[in-house]
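Encoded as structure tokens, the structure appears first; notes follow it.
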Amino acid sequence: MAPSSELNRLTISDAADRLRRREFSALELTRACLERIGAVDPKLNAFITVTEEEAIAQAEAADRALKAGGAATLCGIPLGIKDIYCTAGVRTTCASKILENFVPPFDATVIAKLRREGAVLVGKTNMDEFAMGSSTENSAFGPTTNPHDLTRVAGGSSGGSAAAVAADECLGALGTDTGGSIREPAAFCGVVGIKPTYSRVSRYGVVAYASSLDQVGPFSKSVRDAAILLRTLAGADPQDSTCSARPVPDYERALTGDVRGLSIGVPKEFFVEGMQPEVEKAVRAMLMQYESMGATTMEISLPHSSYAIACYYIVATAEASANLARYDGVRYGLRERAEDNIELNEKTRERGFGAEVKRRIMLGTFALSAGYYDAYYLKAMKVRTLIRRDFERAFENCDVIVTPVAPTTAFRLGEKMSDPLTMYLSDIFTISVNLAGLPGLSMPCGYDANDLPIGMQIIGPPFSEEMVLRTGDALERSGAVTLRRPAL
Ligand code: GLN
């Protein structure tokens, strides 16, 4: 039996098997994670709230369920939850001062699903305020650092979840992805993350940022674990009319390890000048690996890619300005003293929102204002259609598309904070996937000269998660990449 200090390093699939064999208990596994959080989180700041007592009670309940037999795969598995998910009785801050003391009276649908399966929720993870950012530096609770190099960012906006999984503070975690917020931090921290097809997973109880783009997804230490988590998360929800009723396949069973005959498109627009050469080299090495495993690769074109960031920052900010109107000092969280309603609204929002959130609300309000709507929002919607069609055309000739996740590895803390446009460029390879509503998997594919992880992205047509996961899992099994644990 592994010493309990190492249980937190296990993958979900290994831990689930061994819990069933009673090699250790859910309580021991949970304690190992909580101890690890105690030891490394002061350096990482991956968690905003650690729910130690609740986690221990859940682990004890999981042990009873495991003993009784027939428990679900996730029973007794410790997970981190991005602080954007409503958790009944546990504060949900969205890393904002405006929700600092907001305790939701209900669980998000995906949280309820995890609880029903007996998962153990160890805490709420750090993020960019309202998921706006690419580095987790826009958090009212301070930045999360990268477990591979504490002077660098963990990526964002789901940086806390990515860092927590990379540092073995939990076995898996939930994030959200509007423009890359699962895939980019997964790449920066050297873990797996998947943004499923738009509408694949319920968003009921997930604080809304940009509703036509937001999607829920998991972080994990292996592609298999991502498949296990997604199977639980996905599926229809009567509480969310935007959620698809399509049946959920058994994603784990799709992992055959076989990619023979698979055709992989490689978009020429995604290997741009100015990107870190080691990133391109690592991704190209994986393409050769796929060829040696019987897949074929072909160059493709996504001609409207260069408009993706401009288009996204109109659509996302417009939707954000509408979604964030609800924080008025009356219904949730912070409430400043004021003489009347207008003053209450102004003062609360002035004090409660951080700089980046205010910038987005102003941009979005401007884009939607009378006289400008056609010039900006409507035009962006048309560009969005062109971007989606680029992918539709590409998928007439190839099964999946492989790209880098981000143009560089993790950058230094503070490096991009004074220049929002450079920060926005971190998402150049992930944003078009949200605009087109497609599934995108991010997985480690190598390391740069500073030992920082490099991420590879696998994109598929709508609802092709089985093929996307199979493609990623096959590479993982091939042993082409040896994962390095951060020395913390
Ligand atoms: N970095 C992008 C933004 O700031 C994407 C964030 C996300 O996916 N939530 O909007």
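The values are calculated or read from the model by the stated rules, or taken from the named source; none is laboratory data. Here the structure is a predicted model, which means the values were calculated and not measured. Here the Cβ positions follow ideal geometry from the backbone for every residue, glycine too, while neighbour counts run over all protein chains shown. Heavy atoms of the whole protein, side chains included, go into the accessibility calculation; ligands, DNA and RNA do not. Shrake-Rupley method; radii C 1.70, N 1.55, O 1.52, S 1.80 Å.
Here are T73, T30: which of them is modelled with pLDDT of 95 or more and crowded, with 24+ Cβ neighbours inside 10 Å? Let's see the steps before the verdict.
On the way: T73 fails: crowded, with 24+ Cβ neighbours inside 10 Å.
Every option except T30 fails the conditions.
Quick one: E6 ticks every box in (1) surrounded by fewer than 17 Cβ atoms within 10 Å (Cβ to Cβ); (2) modelled with pLDDT of 95 or more; (3) among the acidic types (D, E) bar one, so which box is it?
With (1) surrounded by fewer than 17 Cβ atoms within 10 Å (Cβ to Cβ); (2) modelled with pLDDT of 95 or more; (3) among the acidic types (D, E) applied to E6, the lone miss is (2).
Pairs under 6 Å by beta carbon, first residue in contact (Cβ under 8 Å) with a residue 60 or more places away in the chain in the stretch 254-272, partner part of a strand (DSSP E or B) and of a type in the set (S, T, N, Q), six or more apart or different chains?
Listed pairs, sorted by first residue: S263/T296; I264/T297; V266/T297; F270/T403.
Could you please find all residues in the stretch 200-247 being outside any loop (DSSP other than H, G, I, E, B), touching a strand residue (DSSP E or B) at 6+ places or on another chain (Cβ under 7 Å) and of a type in the set (D, E, K, R)? Walk me through it before giving the result.
Kept after step one, since they are outside any loop (DSSP other than H, G, I, E, B), are these residues of the stretch 200-247: 201, 206, 215-220, 223-234.
When the remaining residues are screened for being touching a strand residue (DSSP E or B) at 6+ places or on another chain (Cβ under 7 Å), the result is 201, 206, 215-220, 223, 225-226, 229-230, 233-234.
D225 - this is the single residue of the stretch 200-247 that is outside any loop (DSSP other than H, G, I, E, B), touching a strand residue (DSSP E or B) at 6+ places or on another chain (Cβ under 7 Å) and of a type in the set (D, E, K, R).
Could we say that S211 is surrounded by 24 or more Cβ atoms within 10 Å (Cβ to Cβ), within 15 Å of the ligand (Cβ to nearest atom) and of a type in the set (S, T, N, Q) here? Walk me through it before giving the result.
On the way: surrounded by 24 or more Cβ atoms within 10 Å (Cβ to Cβ): no; within 15 Å of the ligand (Cβ to nearest atom): yes; of a type in the set (S, T, N, Q): yes.
Against the criterion (surrounded by 24 or more Cβ atoms within 10 Å (Cβ to Cβ), within 15 Å of the ligand (Cβ to nearest atom) and of a type in the set (S, T, N, Q)), S211 does not qualify.
Count, please, the residues in the stretch 149-196 that happen to be surrounded by 24 or more Cβ atoms within 10 Å (Cβ to Cβ) and either more than 15 Å from the ligand (Cβ to nearest atom) or in a strand (DSSP E or B) (or both).
In the first step, residues of the stretch 149-196 are kept if they are surrounded by 24 or more Cβ atoms within 10 Å (Cβ to Cβ); the result is 153-167, 169-196.
From the residues that got through so far, the ones that are either more than 15 Å from the ligand (Cβ to nearest atom) or in a strand (DSSP E or B) (or both) too are 153, 163-167, 169-177, 189-195.
The number of residues fulfilling the criteria is 22.
Return a yes/no flag: does the stretch 249-260 have any residue that is over 18 Å from D473 (Cα atoms) and under 24 Å from the mean Cα position of the chain (by Cα).
Just the residues of the stretch 249-260 that are over 18 Å from D473 (Cα atoms), to begin with: none.
No, there is no match, as no residue in the stretch 249-260 is over 18 Å from D473 (Cα atoms) and under 24 Å from the mean Cα position of the chain (by Cα).
For the stretch 315-332: of the residues being outside any helix (DSSP H, G or I) and open to solvent by less than 40 Å² (accessible area, probe 1.4 Å), which is nearest to C86 (Cα to Cα)?
Step one: list which residues in the stretch 315-332 are outside any helix (DSSP H, G or I), which gives 327-332.
From what's left, open to solvent by less than 40 Å² (accessible area, probe 1.4 Å): 327-329.
On the way: Y327: 15, D328: 19, G329: 19 Å.
Ranking the qualifying residues of the stretch 315-332, first place goes to Y327.
Pick from E339, E299, E343: which is touching a strand residue (DSSP E or B) at 6+ places or on another chain (Cβ under 6 Å) and of a type in the set (D, E, K, R)?
None of the other options fit; the residue is E299.
Do you know which residues across the stretch 115-147 are among the charged types (D, E, K, R) and either within 13 Å of the chain's Cα centre (by Cα) or crowded, with 24+ Cβ neighbours inside 10 Å (or both)? First the steps, then the outcome.
Let us first name the residues in the stretch 115-147 that are among the charged types (D, E, K, R), namely 115-117, 124, 128-129, 137.
Answer for the stretch 115-147, where residues must be among the charged types (D, E, K, R) and either within 13 Å of the chain's Cα centre (by Cα) or crowded, with 24+ Cβ neighbours inside 10 Å (or both): K124, D128, E129.
State the number of residues belonging to the stretch 419-453 that are within 16 Å of the ligand (Cβ to nearest atom) and assigned to a loop (DSSP other than H, G, I, E, B). Walk me through it before giving the result.
Filtering the stretch 419-453 for residues within 16 Å of the ligand (Cβ to nearest atom) gives 419-442.
Pick out the ones that are also assigned to a loop (DSSP other than H, G, I, E, B) and you get 419, 426-430, 437-439.
The qualifying residues number 9.
Residue-by-condition table, conditions (1) in contact with a helix residue (DSSP H, G or I) (Cβ under 9 Å, 6 or more places away or on another chain); (2) under 17 Å from T51 (Cα atoms):
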residue: I111; (1), (2): no, yes
residue: E117; (1), (2): yes, no
residue: G123; (1), (2): yes, yes
residue: E137; (1), (2): yes, no
residue: A140; (1), (2): yes, no
residue: D149; (1), (2): no, no
residue: R152; (1), (2): yes, no
residue: S157; (1), (2): yes, no
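Yes/no matrix, rows are residues, columns are (1) in contact with an Asp or Glu (Cβ under 8 Å, 6 or more places away or on another chain); (2) at pLDDT 95 or above; (3) polar (S, T, N, Q); (4) surrounded by fewer than 24 Cβ atoms within 10 Å (Cβ to Cβ):
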site	(1), (2), (3), (4)
G414	yes, yes, no, yes
L425	no, no, no, yes
F463	no, yes, no, yes
E466	no, yes, no, yes
G472	no, yes, no, no
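Within the stretch 333-345, how many residues are among the acidic types (D, E), open to solvent by 60 Å² or more (accessible area, probe 1.4 Å) and under 27 Å from P104 (Cα atoms)? Can you show your working first?
Step one: list which residues in the stretch 333-345 are among the acidic types (D, E), which gives 336, 339-340, 343.
Add one more test, that the residue is open to solvent by 60 Å² or more (accessible area, probe 1.4 Å), and what stays is 339-340.
Keeping just the survivors that are under 27 Å from P104 (Cα atoms) gives 340.
Qualifying residue count for the region: 1.
From the list A166, A173, A140, A154, which residue is at pLDDT 95 or above and out of contact with any Ser or Thr (no Cβ under 8 Å at 6 or more places or on another chain)? Outline the logic, then answer.
Details: A173 fails: out of contact with any Ser or Thr (no Cβ under 8 Å at 6 or more places or on another chain); A140 fails: out of contact with any Ser or Thr (no Cβ under 8 Å at 6 or more places or on another chain); A154 fails: out of contact with any Ser or Thr (no Cβ under 8 Å at 6 or more places or on another chain).
None of the others qualify; the one that does is A166.
Here are the criteria: (1) modelled with pLDDT of 95 or more; (2) assigned to a loop (DSSP other than H, G, I, E, B); (3) open to solvent by 40 Å² or more (accessible area, probe 1.4 Å). Tell me which single one G371 does not satisfy.
Unmet condition: (1).
Kindly check whether there is at least one residue in the stretch 265-286 that is β-branched (V, I, T), open to solvent by 20 Å² or more (accessible area, probe 1.4 Å) and over 23 Å from V206 (Cβ atoms).
Keep residues of the stretch 265-286 that are β-branched (V, I, T), which gives 266, 272, 279, 283.
Applying the additional criterion that residues be open to solvent by 20 Å² or more (accessible area, probe 1.4 Å) yields 272.
Subset that is over 23 Å from V206 (Cβ atoms): 272.
Yes, that holds for at least one residue.
Look at the stretch 318-344 and say how many of its residues are more than 16 Å from the ligand (Cβ to nearest atom) and either touching a Phe, Trp or Tyr at 6+ places or on another chain (Cβ under 9 Å) or at positive phi (or both). Show your work before the answer.
Filtering the stretch 318-344 down to residues more than 16 Å from the ligand (Cβ to nearest atom) leaves 325-344.
Remaining after also requiring either touching a Phe, Trp or Tyr at 6+ places or on another chain (Cβ under 9 Å) or at positive phi (or both): 326-327, 329, 332-334.
Within the stretch 318-344, residues that are more than 16 Å from the ligand (Cβ to nearest atom) and either touching a Phe, Trp or Tyr at 6+ places or on another chain (Cβ under 9 Å) or at positive phi (or both) number 6.
Looking at the stretch 397-405, can you tell me whether even one residue there is open to solvent by 90 Å² or more (accessible area, probe 1.4 Å) and free of Cβ contacts under 8 Å to residues at least 40 places away in the same chain? Steps first, answer last, please.
From the stretch 397-405, those open to solvent by 90 Å² or more (accessible area, probe 1.4 Å) are 397; that's our starting set.
Subsequent filtering for residues that are free of Cβ contacts under 8 Å to residues at least 40 places away in the same chain retains none.
No, that holds for no residue.
Picking from G294, G257, which residue would you name as being open to solvent by 20 Å² or more (accessible area, probe 1.4 Å), closer than 30 Å to I12 by Cα and touching a helix residue (DSSP H, G or I) at 6+ places or on another chain (Cβ under 6 Å)?
Details: G294 fails: touching a helix residue (DSSP H, G or I) at 6+ places or on another chain (Cβ under 6 Å).
Within the list G294, G257, the selection yields G257.
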